[in-house]
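Colleague: One structure, pasted below without further comment.
The values are calculated or read from the model by the stated rules, or taken from the named source; none is laboratory data. Worth saying up front: this structure is predicted, and the values here are computed from it rather than measured. Cβ sites come from the backbone with ideal geometry, for glycine too, and all protein chains shown count toward neighbours. Please note that ligands, DNA and RNA were not included when accessible areas were found on the heavy atoms of the full protein model with its side chains. Shrake-Rupley method; radii C 1.70, N 1.55, O 1.52, S 1.80 Å.
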Amino acid sequence: MSIKSKIKKVSQRWRDRWDRDLHDFEKVYPLIKPIPGFLKSPQQERWFFKTARKAPENAVIVEIGSFQGRSTVSFGLGCLGSTKHIYAIDLFEGDNDMYGSGEFQDRFIQHVRSCGVEAHVTPIKQHSLQVAATWNKPIDVLFIDGSHEYQDVKADFESFYPHVKKGGIIAFHDIKGKWDGVIRFWAEVQRSGLMTDFGAVSSLGFGIKK
Ligand SMILES: C[S@@+](CC[C@H](N)C(=O)[O-])C[C@H]1O[C@@H](n2cnc3c(N)ncnc32)[C@H](O)[C@@H]1O
């Protein structure tokens, strides 16, 4: 390891030590850990937690694709002690392929309760585009993790983008790996001029609405 990367590593370690959010996240991560999900752990859960912490008071967080609640509770634990709120949109039906079959809403609710974040979460058991059709709250944080087909990711983005506040955060899961639809749309978003300040935590891509 070069001197430069050693210094970088040591200073990062010090920054982390003084990072209260990180310290708090480590305390709550054992609650999140047993929940089934698809995140790159624990760095993506940490991003949700810290993003919720940094969001303004009364923030509206919209999540498309909640499954059994792993990303939802990561946001939710970052909302504790605040008036921030998450709207968790999912059909909660599973499928017979990737998510398995069954009724997932009960498990979602159980996980939200076991983490003590139910006051901060409203589950919406509906197709994302149906929700978008009547949506009327300005959004501070939008997280898109529903269907990974190109047309669906594009439709989710286009239907919720107008509701995101200027300066709000928009994040996509699975911008890397085998998810061609998300990868293609993520590349388009970065060229679109609609967002700025792009970043990524492993397969989670995010940026700011201009
Ligand atoms: C990858 S999973 C979400 C994972 C979750 N964010 C986590 O942390 O574990 C995708 C979810 O999106 C849901 N979904 C797919 N298309 C949808 C749509 N158009 N509207 C609502 N939910 C949708 C599926 O039911 C599935 O539970």
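Colleague: Going by what's in this entry, would A132 be described as of a type in the set (A, V, I, L, M, F, W, C), under 19 Å from L91 (Cβ atoms) and out of contact with any Gly (no Cβ under 9 Å at 6 or more places or on another chain)?
Modeller: yes
Colleague: Next up: What residue, of A133, A171, is more than 10 Å from the ligand (Cβ to nearest atom) and open to solvent by 10 Å² or more (accessible area, probe 1.4 Å)? Give the derivation first.
Modeller: Values: A171 fails: open to solvent by 10 Å² or more (accessible area, probe 1.4 Å).
Only one candidate qualifies: A133.
Colleague: Among the residues that make up the stretch 152-174, is at least one of them more than 23 Å from F75 (Cα to Cα) and in a loop (DSSP other than H, G, I, E, B)?
Modeller: No: the stretch 152-174 contains no residue that is more than 23 Å from F75 (Cα to Cα) and in a loop (DSSP other than H, G, I, E, B).
Colleague: Follow-up question, since we're still on this one. Can you tell me which residue in the stretch 136-148 is nearest to the ligand (Cβ to nearest atom), limited to those that are open to solvent by 20 Å² or more (accessible area, probe 1.4 Å) and among the charged types (D, E, K, R)? Talk me through it step by step, then tell me what you get.
Modeller: Taking the stretch 136-148 first, the residues open to solvent by 20 Å² or more (accessible area, probe 1.4 Å) are 136-138, 145, 147-148.
Narrowing the set further to residues that are among the charged types (D, E, K, R) leaves 137, 145.
On the way: K137: 17, D145: 4 Å.
Ranking the candidates gives D145 first.
Every residue, every condition in (1) under 15 Å from P123 (Cβ atoms); (2) more than 6 Å from the ligand (Cβ to nearest atom); (3) open to solvent by 10 Å² or more (accessible area, probe 1.4 Å), yes or no:
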| position | (1), (2), (3) |
| --- | --- |
| I61 | yes, yes, no |
| R70 | yes, no, yes |
| K84 | no, yes, yes |
| I89 | yes, no, no |
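Colleague: Within the stretch 149-163, can you find the residues that are farther than 15 Å from V189 by Cα and open to solvent by less than 30 Å² (accessible area, probe 1.4 Å)?
Modeller: Within the stretch 149-163, no residue meets the criteria.
Colleague: Does the stretch 18-39 hold any residues that are part of a loop (DSSP other than H, G, I, E, B) and open to solvent by less than 10 Å² (accessible area, probe 1.4 Å), and which are they?
Modeller: I35, the sole residue that qualifies.
Colleague: Please report, ordered by residue number, the helices (runs of 4 or more DSSP H) entirely within the stretch 40-140 with at least 1 residues that are at pLDDT below 95.
Modeller: By residue number, 105-114.
Colleague: Filter the stretch 119-128 down to the residues that are open to solvent by 70 Å² or more (accessible area, probe 1.4 Å) and in contact with a helix residue (DSSP H, G or I) (Cβ under 8 Å, 6 or more places away or on another chain) and list them by number.
Modeller: K125
Colleague: Follow-up. Only one of these is within 20 Å of G146 (Cα to Cα) and charged (D, E, K, R): K27, K40, K4. Name it.
Modeller: Among K27, K40, K4, only K40 is within 20 Å of G146 (Cα to Cα) and charged (D, E, K, R).
Colleague: What number of residues in the stretch 174-210 are closer than 18 Å to F38 by Cα, among the charged types (D, E, K, R) and open to solvent by 30 Å² or more (accessible area, probe 1.4 Å)?
Modeller: Final tally of qualifying residues: 3.
Colleague: A follow-up question, please. Only residues that are within 16 Å of the ligand (Cβ to nearest atom) and either in contact (Cβ under 8 Å) with a residue 24 or more places away in the chain or closer than 14 Å to L77 by Cα (or both): list them for the stretch 12-41, please.
Modeller: F25, V28, Y29, L31, I32, K33, I35, P36, G37, F38, L39, K40
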